[in-house]
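*Asks:* Have a look at this one before I ask anything.
The values are calculated or read from the model by the stated rules, or taken from the named source; none is laboratory data. Given the structure is predicted, the values throughout are model-derived calculations rather than measurements. Methodologically, a virtual Cβ is constructed for each residue, glycine included, from the backbone with ideal geometry; neighbour enumeration extends over all protein chains shown. For the accessible areas, the whole protein counts, side chains as well, though only heavy atoms, and no ligand, DNA or RNA atoms are used. Shrake-Rupley method; radii C 1.70, N 1.55, O 1.52, S 1.80 Å.
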Amino acid sequence: MTRILVVDDEPQILRALRINLRARRYEVDIAASGAAALKAAASHPPDLVVLDLGLPDIDGVEVIRGLRGWTAVPIIVLSGRAGSEDKVAALDAGADDYVTKPFGVEELLARIRAVTRRLGVSSEAVPALRIGQHTVDLADRTVLSDDGTEVKLTPTQWNVLEKLLRHPGKLISQRQLLQDVWGPEYQNETNYLRQYLAQLRRKLEDDPARPRHLITEPGMGYRYRP
């Protein structure tokens, strides 16, 4: 059964969508805030997210970015913001479709069917992983030491780390990492990877000189070893 997470701060919309989606044999989770949505998605990874942008705590675009840090699950934005700038921001952040309020339930159901056909219903959730004495939570984008200290990472360090952690055990080529993090024009800048992997190892590995988790495969690429 397909699990859908519906995120909206309007109780009547949550109620209506839950009733209509369950009637069509979807499993439904609901959340009324951005923080609750991220927590729900990490605890019970959905197959699809229906997300309002105007949430009381975290802007919906930031919720999309938070989800995209660790899952490729389809996201349909449901919002009263009709401006093209809002649509572009949501789509650039990683949304797959955009439905403007007020909306018809049948239209939304058609969009859900279209997105799941096009992308397939899948979740690549990897909410929390271990590196040495640290827990990396990709859902919350936090790194905590076992003593409770938070380790700060720059956005680029996060991007490199996420690419590896989302594919545990898999060799990620230098070219692929450079293209995904910096762009196609940087595919030969292997010194970037050496520098950033060294920084990550200093922050996360027990012995940066002899890493156990962030592994270099000489001349080929890098891998995360759980």
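*Asks:* Nearest 500 deg cm²/dmol is fine: what mean residue ellipticity at 222 nm does the chain get from its DSSP H runs of n ≥ 4 alone, each adding -39,500 (n - 2.57), divided by its residue count?
*Replies:* -12500 deg cm²/dmol
*Asks:* Hey, can you find the accessible area per residue of segment 43-181 for me, probe 1.4 Å, expressed in square angstrom? Let's see the in-between values first.
*Replies:* On the way: 6200 Å² over 139 residues.
For segment 43-181, the solvent-accessible area averages 45 Å² per residue.
*Asks:* Find how many whole Å separate the alpha carbon centroid of segment 10-32 from the alpha carbon centroid of segment 64-112.
*Replies:* Answer, in whole Å: 17.
*Asks:* How big is the accessible area of GLU10 in square angstrom, nearest 10, if you roll a 1.4 angstrom probe over the protein chains?
*Replies:* The value for GLU10 is about 60 Å².
*Asks:* VAL73's amide H: which non-local residues (gap 5+, or another chain) put their own amide H closer than 5 Å, with H modeled 1.01 Å from N in plane and none for Pro or chain starts?
*Replies:* GLU124
*Asks:* Still on this structure, I have one more. Taking only C-alpha pairs under 8 Å that are 6+ residues apart, what is the relative contact order of the chain in percent? Display every interim value, and only then the final one.
*Replies:* On the way: 386 pairs, mean separation 32.1, N = 226.
So the answer I get is 14 percent.
*Asks:* Taking the alpha-carbon distance from LYS101 and a cut-off under 29 Å, which lysines remain once sequence neighbours fewer than 8 residues away in the same chain are dropped?
*Replies:* Counting by Cα, and skipping residues close in sequence, LYS101 has these lysines nearby: LYS39, LYS87.
*Asks:* Residues with amide H under 5 Å of VAL28's amide H, sequence separation 5 or more or different chain, H placed in the peptide plane at 1.01 Å from N; which?
*Replies:* ILE4
*Asks:* Let's see if you can work this out: charge +1 on each Lys and Arg Cβ, -1 on each Asp and Glu Cβ, no other charges. What is the dipole magnitude of the chain about its Cα centre, in debye to the nearest 20? Write out the running numbers ahead of the final one.
*Replies:* Values: 31 positive and 31 negative charges, 159 e Å.
Dipole magnitude for the chain comes out near 760 debye.
*Asks:* Okay, next question. Quick one: if you stick a label point 7 Å off each Cα along the C-beta vector at ALA128 and ASN191, how many nm between them?
*Replies:* 4.0
*Asks:* Would you list the membrane-span-like helices of the chain, meaning whole DSSP H runs whose alpha-carbon atoms span at least 27 Å along their axis and whose mean Kyte-Doolittle value is at least 0.5? Numbers along the way, then the final one.
*Replies:* Values: long enough: none.
None pass (Cα extent of 27 Å or more, hydropathy at least 0.5).
*Asks:* Give the relative contact order (percent, whole number) for segment 150-226; include only Cα pairs under 8 Å separated by 6+ residues. Write down the numbers at each step before the final one.
*Replies:* Numbers: 85 pairs, mean separation 27.4, N = 77.
Averaging sequence separation for qualifying contacts and normalising by length gives 36 percent for segment 150-226.
*Asks:* GNM on the chain, C-alpha springs below 10 Å: top fluctuator among GLY104, GLY54, GLY66?
*Replies:* Its mean-square fluctuation being the largest, the pick is GLY104.
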